[in-house]
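Asker: Next up is a structure, given as structure tokens.
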Amino acid sequence: MRLLSGLRAAVRWISLALLALLIATPLAQIVMRGIFNVPMAGAEELARYFLITLTFLSASYVTQQGGQIRMEEFQGLIAPRPRWWLQLGIDLAGIAMFGVLCVAGVITILKNLDNQTATLEMPFWLFMGPLALGGALLVVETIAAMLHTWRRKRPEEKHTVLS
């Protein structure tokens, strides 16, 4: 459990750094172009990379915090026992879907090891790595959520998180 806590903390700090980079990159492009009249080559591709990386890596943190869409209002209309089974089924479906996402990312990377992105000439494995890693992190967090629900022997109560 300590390893999982450390991983969660690392994901949180990396996500914050990626958010800062996502904001700073277009700002730097605006300053370079507007003040110095020198466009920053590759700024759009770099900002896109930060956005993709932020989205896939921080998704596991969002899942752990309960911020994913759960349709809790509809689940609240279901009796506790069927709702518990439904929540376990949702977690199992999530594990399968995120597992497929991770495997697809790994296969895509392996098939394109010699390729690179157009503008920045970034290795393709680096560009697609966040997809595979994010899928794996989502599998881990969804398994943790499912095990928590399973051990409780009752459904999770409504706890909408607005952050």
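Asker: Of 129, 117, 147, which is farthest on the positive side of the dipole of region 81-163, counting Cα position, with +1 on Lys and Arg Cβ, -1 on Asp and Glu Cβ, and the Cα centre as origin?
Answerer: Value computed over the given set: 147.
Asker: Dipole of the chain (Lys/Arg Cβ +1, Asp/Glu Cβ -1, origin at the Cα centre): which of 93, 23, 78 lies farthest to the positive side?
Answerer: In the chain, that residue is 78.
Asker: Which loop-located trypsin sites (Lys or Arg not before Pro) does region 90-163 contain, where loop means any DSSP state but H, G, I, E or B and the Cβ has at most 10 other Cβ atoms within 10 Å? The partial results should precede the final answer.
Answerer: Numbers: sites: 111, 151, 152, 153, 158; in loops: 153, 158.
Sites meeting the loop and neighbour criteria: 153, 158.
Asker: Output the Kirkwood hydrodynamic radius of region 2-152, Cα pairs only, in Å rounded to one decimal. Show your work: numbers first, answer last.
Answerer: Details: mean 1/r = 0.0569 Å⁻¹.
After inverting the pairwise mean of 1/r, the radius is 17.6 Å.
Asker: Give the peptides 7-13, 142-148 in descending order of average Cβ contacts within 10 Å, highest first. Provide the component values of the computation, followed by the final result.
Answerer: Working: 7-13: 14.7, 142-148: 16.9.
Result, highest mean Cβ count within 10 Å first: 142-148, 7-13.
Asker: Taking the Cα centre of the chain as origin, work out the dipole magnitude from +1 charges on Lys and Arg Cβ and -1 charges on Asp and Glu Cβ, in debye rounded to 20.
Answerer: It comes to approximately 720 debye.
Asker: Relative contact order of region 2-152, please, whole-number percent, based on alpha carbon pairs below 8 angstrom and at least 6 residues apart.
Answerer: Values: 136 pairs, mean separation 41.1, N = 151.
The value is 27 percent.
Asker: While we're on this one: Once amide H atoms are built 1.01 Å from N in the peptide plane, which residues 5 or more positions from residue 119, or in another chain, come under 5 Å H to H?
Answerer: Under 5 Å from the amide H of residue 119 lies no amide H from a residue far enough along the sequence or on another chain.
Asker: Of all GluC sites (Glu not before Pro) in region 102-163, which ones are in loop regions per DSSP and have a Cβ with at most 14 other Cβ atoms within 10 Å?
Answerer: 121, 157
Asker: Just 107, 35, 69 to compare: in a GNM of the chain, with alpha carbon springs under 10 Å, which one fluctuates most?
Answerer: So, out of 107, 35, 69, the one fluctuating most is 35.
Asker: Calculate for the chain the 222 nm mean residue ellipticity that helices alone would give, adding -39,500 (n - 2.57) per DSSP H run of length 4 or more and normalising by residue count, nearest 500 deg cm²/dmol.
Answerer: The per-residue figure over the chain is -26000 deg cm²/dmol.
Only the coordinates and a few stated rules stand behind these numbers; no lab work does. Note that the coordinates shown come from a computational prediction; the quantities given were computed from them, not determined experimentally. A quick note on method: Cβ atoms are made from the backbone with ideal geometry, for glycine too, and the neighbour counts reach across all protein chains shown.
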